[in-house]
Every structure is written in structure tokens, then in C-alpha cells.
1. Kirkwood hydrodynamic radius, computed over distinct alpha-carbon pairs, for the range B:19-58: how many Å, to one decimal?
2. Tell me the relative contact order for the range B:8-74 as a rounded percent, counting alpha carbon contacts under 8 Å between residues six or more apart.
3. Taking Cα pairs under 8 Å and at least six residues apart, what relative contact order does chain A come out at, in percent?
4. Once both labels are modelled 7 Å past Cα along the beta-carbon direction, what's the residue A:26-residue B:11 spacing in nm?
5. Give me the three principal axis extents of the range A:12-55 from the C-alpha atoms, as integers in angstrom, largest value leading.
6. In whole angstrom, and with the biggest value first, how far do the Cα coordinates of the range B:1-44 range along each principal axis?
7. Provide a whole-number value for the mean count of partner chain Cβ atoms within 10 Å of the Cβ atoms in peptide B:101-113.
8. Using all Cα-Cα distances in chain A, what percent lands in each 10 angstrom bin from 0 up to the longest?
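Derivation of every value follows stated rules applied to the coordinates shown; laboratory data play no part. Please read all numbers here as calculations on a predicted model, not as lab measurements. Methodologically, a virtual Cβ is constructed for each residue, glycine included, from the backbone with ideal geometry; neighbour enumeration extends over all protein chains shown.
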């Protein structure tokens with residue numbers, strides 16, 4: 001079974017802090033994704049990566065950056081956290097053989 | 001750009017009965033994939049069922065089946081013999097052939113009444 005692990009289930013940070021959300025997958029998947037989930041809006045793609053050091057903007061990249069130094073790890077960075085970034089963040093991974101995405105358990109992030 | 005719409009924010013059904021969740025999508029492409037994901041209170045998104053657009057036959061997974069109407073751009077999920085464990089948020093999602101990203105609908109919260 002594919003395992004996608006997000007480092008924190010709940011996180012509370014302050015406005016202006018630099019925040020790191022970590023995601024690790026154990027199936028050697030090429031593609032990894034970061035989504036944001038908000039009530040009534042579903043999931044929206046922030047960034048995705050199709051290989052080490054390769055990234056592509058999703059639909060809502062503003063205020064976020066990502067890092068993929070190793071194939072199994074994909075980090076989402078909030079450079080200067082703001083209250084409108086309070087949300088649930090979901091990481092997913094997928095291999096290139098037309099398989100569906102596998103998701104982590106999500107990180108509920110609160111910015112105070 | 002593709003969009004996915006789930007017009008039912010909440011649905012409820014009696015245990016053991018059948019419920020249908022609606023999903024419509026907008027695309028100009030002919031080759032794509034459609035998915036239903038389930039997110040229970042534990043928060044893990046679980047794939048329920050997938051449909052390839054080129055297949056005319058509706059996908060089925062045990063008690064879960066879809067009604068895929070390509071011309072109408074409709075992709076509804078039918079849950080038969082509803083069980084308490086089916087209570088969750090359900091998301092409809094679209095992916096273009098050859099693309100990486102999923103486009104999600106707004107979600108439908110399904111409640112199962114005992």
C-alpha cells in the first residue's frame with residue numbers, strides 16, 4: 001500500500017512566521033502535489049512537482065513556495081504566513097503510469 | 001479551463017437505502033478521467049471509483065457505481081445499501097489525459113441516518 005505521510009496533523013503558527021509543511025511518500029512516485037482544502041471550495045492545487053528539483057505552479061500559488069530536493073519528499077513553504085492561509089493542506093503523490101493520486105491525512109494549519 | 005461542479009453541499013440517507021450524488025463538469029477535451037474520492041472524518045482521501053471517458057460502460061465497485069453521461073458531462077455516484085461507514089465528504093474530480101493535476105468539485109457531505 002502507498003503511504004503518504006504529512007509531518008503534522010495540526011499546526012498553529014503566528015502571522016509573519018515562515019512555515020514548513022513536509023510530505024514524504026514511500027513508493028518512489030515521480031509526481032507529488034500540494035492542495036489546499038477549504039469549505040465550499042473543494043481542493044485547489046497550490047503546486048506540483050514531476051521530478052526532483054522540478055516544480056510547476058498550480059491554481060493558487062501566491063504566498064507559497066515548494067522544495068523537492070529528494071524524490072520522496074515534497075515541502076510546502078509559507079514564506080510569511082498570513083491569516084488567510086489558515087486551512088487544511090493535503091499532500092498527494094502519483095506515479096506516471098496513469099495511476100490515481102494517493103493522499104496523506106492532511107495538516108490543519110491555523111495562523112493566528 | 002476545466003471546472004467541476006457538485007451542486008449538493010449536503011445529502012442524507014437512511015441506512016440500507018440508495019443515494020445518488022451529482023457531479024457535472026465542463027471540458028472541451030474528449031479524453032479524460034473522472035474520479036470519486038471519499039474523505040471520512042479521519043481526513044484521509046480514499047479513491048472510491050474511477051471512469052475513463054473513452055469507456056462507455058459505467059464503472060462499478062461493489063456497492064458503488066457511476067452513471068457517466070459523456071454528452072451531458074455528468075458523472076453521478078450511486079451508493080447502494082448505504083452503511084454508517086459511508087458517512088463522509090465526497091469529492092468528484094477530473095483529470096485530462098496526459099495531465100498531472102486533478103480538478104475537484106466543491107464536495108458533498110453525506111450523512112447516514114441509522
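1. Numbers: mean 1/r = 0.0827 Å⁻¹.
Hydrodynamic radius (Kirkwood, Cα only) of the range B:19-58 equals 12.1 Å.
2. On the way: 69 pairs, mean separation 16.7, N = 67.
RCO, the range B:8-74: 25 percent.
3. On the way: 297 pairs, mean separation 40.8, N = 112.
Worked out over chain A, it gives 36 percent.
4. A separation of 3.4 nm, rounded to one decimal place.
5. Largest first, the range A:12-55 extends 33, 27, 19 Å along its Cα principal axes.
6. 38, 23, 17
7. Values: counts 11, 10, 5, 7, 3, 6, 6, 0, 1, 0, 0, 0, 0.
Across the residues of B:101-113, the mean count of other-chain Cβ atoms within 10 Å is 4.
8. Percent of Cα pairs in each bin: 15, 51, 29, 5, 0.
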